1. So which residues in region 207-231 are part of a helix (DSSP H, G or I) and within 13 Å of the ligand (Cβ to nearest atom), if there are any at all?
2. Tally the residues that are surrounded by 14 or more Cβ atoms within 10 Å (Cβ to Cβ), out of contact with any helix residue (DSSP H, G or I) (no Cβ under 9 Å at 6 or more places or on another chain) and over 14 Å from residue 207 (Cβ atoms), restricting the search to region 164-186.
3. Taking region 329-357 as the search range and keeping residues that are modelled with pLDDT of 95 or more and at positive phi, which one is surrounded by the most Cβ atoms within 10 Å (Cβ to Cβ)?
4. Inspect region 173-191 for any residue being within 13 Å of the ligand (Cβ to nearest atom), closer than 30 Å to residue 23 by Cα and at pLDDT 95 or above and give the result as yes or no.
5. Against the definition (out of contact with any strand residue (DSSP E or B) (no Cβ under 9 Å at 6 or more places or on another chain), within 15 Å of the ligand (Cβ to nearest atom) and closer than 27 Å to residue 71 by Cα), how does residue 247 come out, yes or no?
6. So if I check each of 298, 202, which one is part of a strand (DSSP E or B), within 16 Å of the ligand (Cβ to nearest atom) and surrounded by 13 or more Cβ atoms within 10 Å (Cβ to Cβ)?
7. Can you give me the number of residues within region 91-112 that are within 13 Å of residue 195 (Cα to Cα) and either in contact with a helix residue (DSSP H, G or I) (Cβ under 7 Å, 6 or more places away or on another chain) or assigned to a helix (DSSP H, G or I) (or both)?
8. Filter region 205-233 down to the residues that are at positive phi and buried (at least 17 other Cβ atoms within 10 Å of the Cβ) and list them by number.
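The values are calculated or read from the model by the stated rules, or taken from the named source; none is laboratory data. What you see is a predicted model, and the numbers here were worked out from it, not measured in a lab. Because the Cβ atoms are built from the backbone with ideal geometry, glycine has one as well, and the counts that use them run over all protein chains shown.
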Ligand SMILES: *Cc1c(COP(=O)(O)O)cnc(C)c1O
């Protein structure tokens, strides 16, 4: 047992790194050697520890399995051109995690504990950060209720874990979408703005139905009358209409995506006009008919941008031109990648730097 900056480290005896084929990284296939673990009991979090990645012992009566107190985050670390590692917008991800925790009646985690534990983990497993272009180390923090008890209650015990997985460059094939006007992912006042496990569980079935109908994802609409656009699958959605970047304004049914926020910020820097407001289906129908919609894409950590090739609205498939190298989405994606790797100036202090010595 060695310690570094108060985070105790139990080293693995059997690194799995040599088994990783860095040229062929399926998302989540290989999990890195170590993980962060902290426990919450008696109204406080224990000091996090780093231990070899592996199974946990748990009770079938663990409350998160029954009543769903379970949240997560998703962010990425990149190899920079100077050999150091950058974790992208770590603080914003931490703030959002605390919002998810508060909504699910779970204990928040202070920033210094979160950052110190993650920094120590990335330093230790720095060899797991891929260096090929567009590849990264995906970081997955989770918090879940761990008390074993069958009665319905807010758990008194929780576990916080951070694990990581190397991921390759993600080129999504352009999405064919269907506007979802029957099922909802969430509703205003619900948990849509929180990254809680149940939002995903509830979205699987409508998405599966859409896939059976030949679509890749659904375009979620508001729960009241399915008139306004919310999100695409598990990404925020953005359109270029009449030369303006337009995305739905945030509400409690929409996840406050870090990629969405970063793209809006960069668009302003690129003097590309932006608008955050409600987007009505009728406006999209009209825009597709008169050709004023020139781009449509999803925005999220996994893909950065995922182009949309068609959307079915009220039985009609509208097609969107595929992005060329002059498109806003490919320019902004490149700018974002350049900031992360240190090729472009990091004006907003988005990179949290981990030195690899
Ligand atoms: C995670 C997530 C996003 C994307 O957020 P990023 O911070 O950009 O990765 C969008 N919508 C939903 C529902 C999500 O869970």
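1. The one that is part of a helix (DSSP H, G or I) and within 13 Å of the ligand (Cβ to nearest atom): 207.
2. Looking only at that region, the number is 6.
3. Once the filter is applied, the top-ranked residue is 342.
4. no
5. no
6. 298
7. Total meeting the criteria: 11.
8. Within region 205-233, 226, 233 meet the criteria.
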